[in-house]
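This is the structure I want to talk about, given as structure tokens.
The values are calculated or read from the model by the stated rules, or taken from the named source; none is laboratory data. This one's a predicted model, so the numbers in the text were calculated from it and none came from an experiment. Glycine also receives a Cβ, built like all others from the backbone with ideal geometry; neighbour counts cover every protein chain displayed.
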Amino acid sequence: MRDEVTILKGRDLTKEYVRGKTDVVHALTHVDITLKPGEFVMVFGPSGSGKSTLLNVLSGLDKPTEGKVVFDESVDIVEWDEEQLARFRQENVGFVFQAWELIPTLTAIENVELPLYPSAISGKDLRTRAVGLLKQVGLFDRMPHFPDELSGGEQQRVAIARALISRPKIVFADEPTGNLDEDSSAQILRLLKRESRRGTTVLLVSHNDALKSHADRVLTLRNGQMI
């Protein structure tokens, strides 16, 4: 981990939603966050604290009402249009969600390959990369299986392989162990930790206090504010 540089910085991030005609929800209020290359950071907070909103804003899935998101110490992605943001996510970002979000009609290996369609990578090279990732997560023998033929832990490991297929600089993990048993959760956290040690920045958001020990750094979010 190179302490002197940052991979992503959120500055003065505020996100407001209008609920109904006049009710304003303050999902984020003047939040600052800095992520370094190869760092495993956890944002801890109760449900409704703004964790998922923060993840969406930092990844470019949503735009803040105010503030900046500076990538690689050079560009504010808040200023980009949807086409630029889509390219940014495809080339630099991996996502791991609590609900796994696998496509039920695709096999495990096809789900892993999906984020890189379309891309300049040849089909042969893409398949080689996907096979290698499924080997890494211990699912080589499950490649031809569909999601409903996999356990919850296996599905989440497919989701992690899918998140890594683009060799991203940052992985965003939103409650990735929320639906898993203790053994499966531990395996997922080991995989994420291993990726951070290989240079990928991991930002995990969760309300699970037990996950704190796995992170290099823990930040606490409450009522949309970093405390």
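Tell me whether region 189-207 contains one or more residues that are more than 15 Å from residue 40 (Cα to Cα), touching a helix residue (DSSP H, G or I) at 6+ places or on another chain (Cβ under 7 Å) and either modelled with pLDDT of 95 or more or part of a loop (DSSP other than H, G, I, E, B) (or both). I'd like the intermediate steps shown before the answer.
Let us first name the residues in region 189-207 that are more than 15 Å from residue 40 (Cα to Cα), namely 207.
Checking which are touching a helix residue (DSSP H, G or I) at 6+ places or on another chain (Cβ under 7 Å) leaves us with none.
There is no residue in region 189-207 that is more than 15 Å from residue 40 (Cα to Cα), touching a helix residue (DSSP H, G or I) at 6+ places or on another chain (Cβ under 7 Å) and either modelled with pLDDT of 95 or more or part of a loop (DSSP other than H, G, I, E, B) (or both).
For region 104-126, indicate whether the set of residues that are in contact with a helix residue (DSSP H, G or I) (Cβ under 6 Å, 6 or more places away or on another chain), exposed (fewer than 14 other Cβ atoms within 10 Å of the Cβ), on the phi < 0 side of the Ramachandran plot and in contact (Cβ under 8 Å) with a residue 40 or more places away in the chain is non-empty.
yes
Could you please let me know if residue 97 is aromatic (Phe, Trp, Tyr) and crowded, with 18+ Cβ neighbours inside 10 Å?
Numbers: aromatic (Phe, Trp, Tyr): yes; crowded, with 18+ Cβ neighbours inside 10 Å: yes.
Considered against the rule, which asks whether it is aromatic (Phe, Trp, Tyr) and crowded, with 18+ Cβ neighbours inside 10 Å, residue 97 comes out as yes.
Still on this structure, please answer the following. Do we have any residue at all in region 19-33 that's part of a strand (DSSP E or B), at pLDDT 95 or above and of a type in the set (Lys, Arg)?
no
Taking the conditions exactly as written (at pLDDT 95 or above and closer than 28 Å to residue 153 by Cβ), does residue 108 satisfy them or not?
So residue 108 passes the test.
Quick one: what pairs do we get from region 59-86, first residue under 22 Å from residue 28 (Cα atoms) and in contact (Cβ under 8 Å) with a residue 24 or more places away in the chain, second acidic (Asp, Glu) and not in a helix (DSSP H, G or I), C-beta under 6 Å, 6+ apart or different chains?
65/16; 67/12; 68/76; 70/76
Go through region 41-149 and tell me which helices (runs of 4 or more DSSP H), entirely inside it, have 3 or more residues that are under 15 Å from the mean Cα position of the chain (by Cα), more than 23 Å from residue 187 (Cβ to Cβ) and of a type outside the set (Val, Ile, Thr). Break it down into steps so the answer makes sense when it comes.
Working: elements: 51-58, 82-92, 108-113, 123-136.
It comes to 51-58, 82-92.
Moving to a separate point now. Take the residues in region 138-171 that are crowded, with 17+ Cβ neighbours inside 10 Å, small (Gly, Ala, Ser) and free of Cβ contacts under 8 Å to residues at least 60 places away in the same chain, then tell me which one is nearest to residue 109 (Cα to Cα).
161
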